[in-house]
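The values are calculated or read from the model by the stated rules, or taken from the named source; none is laboratory data. Note that this is a predicted model, so its numbers are computed, not measured. Here the Cβ positions follow ideal geometry from the backbone for every residue, glycine too, while neighbour counts run over all protein chains shown.
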């Protein structure tokens, strides 16, 4: 989820998990495709069960300084050729 725009970017599921013991802890893995990150900002991976959020992971996406420097250099080189 893009928290800046309150927009769902990716959905996966539903996945059924069964247990005879309602108090048991269950380990499981969910395959996640590459995450769409359209801009810098804060994103959330949310785990829902029966329309309730039961887990959340926040991710902050920042541009790597080297990438920013490379882009600025490309823009400067582009200006010289005009």
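In table form, for the structure just shown:
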{"item": "Count of residues meeting criterion [outside any loop (DSSP other than H, G, I, E, B), over 14 Å from residue 2 (Cβ atoms) and under 10 Å from the mean Cα position of the chain (by Cα)] in the range 34-56", "result": "0"}
{"item": "Residue check for residue 74: modelled with pLDDT of 90 or more and either loosely packed, with under 11 Cβ neighbours inside 10 Å or part of a loop (DSSP other than H, G, I, E, B) (or both)", "result": "no"}
{"item": "Count of the range 1-30 residues which are outside any strand (DSSP E or B), touching a strand residue (DSSP E or B) at 6+ places or on another chain (Cβ under 9 Å) and more than 15 Å from residue 47 (Cβ to Cβ)", "result": "4"}
{"item": "Test: residue in the range 28-43 that is under 19 Å from residue 8 (Cβ atoms), surrounded by 10 or more Cβ atoms within 10 Å (Cβ to Cβ) and in contact (Cβ under 8 Å) with a residue 40 or more places away in the chain", "result": "yes"}
